[in-house]
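Undergrad: What follows is a structure written as structure tokens; I'll ask about it next.
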Amino acid sequence: MFIVAVTGGIASGKSTVSKVFQKQGIPVIDADKIAREIVEPGQPCWKQIREIFGDEVLLPSKEINRAVLGKMIFEDKELRGKLNKITHPTIHRKIFWRVCKLLVSGHAWIVLDLPLLFETGVLMDYIHKIVCVSCDQDKQLERLIARNELSETEARHRVNSQMPLEKKCEKSHFVIDNNGSVEETESSAMSIYNMMCESKQHWLNRISFLGLFLIVGFSIYLLLKVFNKLPASWQM
């Protein structure tokens with residue numbers, strides 16, 4: 001199995017591309033969904049957020065008030081850093097375990113929807129190909145303002161808190177221009193899907209894993225033999 005990462009900027013259209021892969025039967029692990037799950041009331045991350053940011057970031061239902069918390073962290077880099085220290089380790093840990101579960105399920109490849117792939121850098125070593133979804137900043141701001149009901153200033157704070165899209169595009173294997181229609185974006189995603197389905201990388205990964213397994217097993221066998229610890233059933 002190999003991993004394809006979908007990244008980009010906030011409101012650049014990552015979800016549209018990930019849904020194309022999902023509709024074709026490719027498992028998608030969405031970091032944003034995990035981020036919402038781990039801050040549900042009573043969760044360890046929720047408790048830490050409440051302790052650091054206070055009850056003012058809670059709704060009457062005790063759920064995190066994402067609008068209030070978002071305004072706080074996108075206007076204050078230090079507070080954003082504190083929130084990231086609370087949530088990022090848990091998000092990455094959950095992604096790791098979900099990847100492990102999919103590894104044994106026989107899928108040739110999977111998708112990780114990771115908005116902050118380059119910003120954190122944590123999962124870079126495990127990614128086979130990176131797809132960056134890009135659009136003009138004016139279009140990005142327009143979508144973000146409409147989607148989240150933000151002022152232009154608030155929207156700019158959020159866009160500027162991430163690595164510029166130009167740099168993300170430079171670091172990616174594929175770039176999908178999402179300035180046009182949804183149909184055009186979906187068509188670009190399907191082209192990448194077809195290329196990934198033709199890739200033999202998953203077989204190379206399986207062969208490498210099997211080779212590693214055999215090497216480790218043989219090494220253990222030799223060590224046991226040297227120290228005369230082989231079980232009787234293993235003796236020749």
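The values are calculated or read from the model by the stated rules, or taken from the named source; none is laboratory data. What you are looking at is a predicted structure, and each value in this text was computed from that prediction instead of being measured. Cβ coordinates were reconstructed from backbone atoms using ideal geometry, including for glycine residues, and neighbour counts include every protein chain displayed. Just the protein is used for accessible areas: all its heavy atoms, side chains included, with ligands, DNA and RNA removed. Shrake-Rupley method; radii C 1.70, N 1.55, O 1.52, S 1.80 Å.
Undergrad: Compute the acute angle (0 to 90°) between the alpha-carbon long axis of helix 66-75 and the principal axis of greatest extent of the alpha-carbon atoms of the chain; round to the nearest 10°.
TA: Helix 66-75 sits roughly 90 degrees off the main axis of the chain.
Undergrad: Note down the accessible area of Met195, probe 1.4 Å, to the nearest 10 Å².
TA: 90 Å²
Undergrad: Return the carbon/sulfur percentage of the accessible area of the range 2-201, one whole number, probe 1.4 Å, all protein chains in place.
TA: Details: 5360 of 10820 Å².
Percent of accessible area from carbon and sulfur atoms in the range 2-201: 50.
Undergrad: What's the magnitude of the charge dipole for the range 33-73 around its Cα centre, counting Lys and Arg as +1 and Asp and Glu as -1 at the beta-carbon? Answer in Debye, nearest 20.
TA: 140 debye
Undergrad: Another one. If amide hydrogens are placed 1.01 Å from N in the peptide plane, which non-local residues have theirs closer than 5 Å to the one on Val175?
TA: Cys132
Undergrad: Further question: Counting other Cβ atoms within 10 Å, which trypsin sites (Lys or Arg not before Pro) in the range 1-95 have at most 11 and lie in a DSSP loop?
TA: Passing both the DSSP loop test and the Cβ count: no residue.
Undergrad: Measure nothing fancy, just the Cα-based angle from helix 77-103's long axis to the longest principal axis of the chain, in degrees from 0 to 90, nearest 10.
TA: The answer is roughly 40 degrees.
Undergrad: For Cα pairs less than 8 Å apart in space and 6+ apart in sequence, what is the mean separation divided by the residue count of the range 95-171, i.e. the relative contact order in percent?
TA: Details: 21 pairs, mean separation 23.0, N = 77.
RCO, the range 95-171: 30 percent.
Undergrad: A follow-up question, please. Compare Asp138, Asp55 by solvent-accessible area with a 1.4 Å probe and give them largest first, with all protein chains kept in place.
TA: Descending accessible area places them as Asp138, Asp55.
Undergrad: With every protein chain present, what is the per residue accessible area of the chain (1.4 Å probe, Å²)?
TA: That works out to 60 Å² per residue.
Undergrad: A follow-up question, please. Given +1 on the Cβ of Lys and Arg, -1 on the Cβ of Asp and Glu, and no further charges, what dipole in debye does the chain carry about its Cα centre, rounded to the nearest 20? List each step's numbers first, then the result.
TA: Values: 31 positive and 27 negative charges, 245 e Å.
Dipole about the Cα centre, nearest 20: 1180 debye.
Undergrad: At 1.4 Å probe size, put Thr16, Thr185, Thr90 in order of accessible surface, largest to smallest.
TA: Per-residue accessible area, sorted high to low, gives Thr16, Thr90, Thr185.
Undergrad: Also, I was wondering about something else. Of the cross-linked pairs Lys62/Lys139; Lys77/Lys101; Lys82/Lys171; Lys94/Lys167; Lys14/Lys82; Lys71/Lys139, which ones have a Cα-Cα span greater than 29 Å in the structure shown?
TA: Lys62/Lys139; Lys77/Lys101
Undergrad: Between Glu183 and Gln22, what length in nm is gained on full extension when 0.36 nm per residue of separation is reduced by their alpha carbon distance?
TA: 56.4 nm
Undergrad: If you don't mind, there's one more thing I want to ask. Rounded to the nearest 0.05, what FRET efficiency is calculated for Lys171 and Lys47 with R0 set to 41 Å and r the Cβ-Cβ distance?
TA: My answer for the efficiency is 0.70.
Undergrad: Rounded to the nearest angstrom and ordered from largest down, what semi-axes does the equivalent ellipsoid of the range 1-126 get from its C-alpha gyration tensor (root of 5λ)?
TA: Square roots of five times the eigenvalues give 28, 15, 14 Å.
Undergrad: Report Rg/Rh for the chain, rounded to two decimals, where Rg is the Cα radius of gyration and Rh the Kirkwood radius.
TA: 1.08
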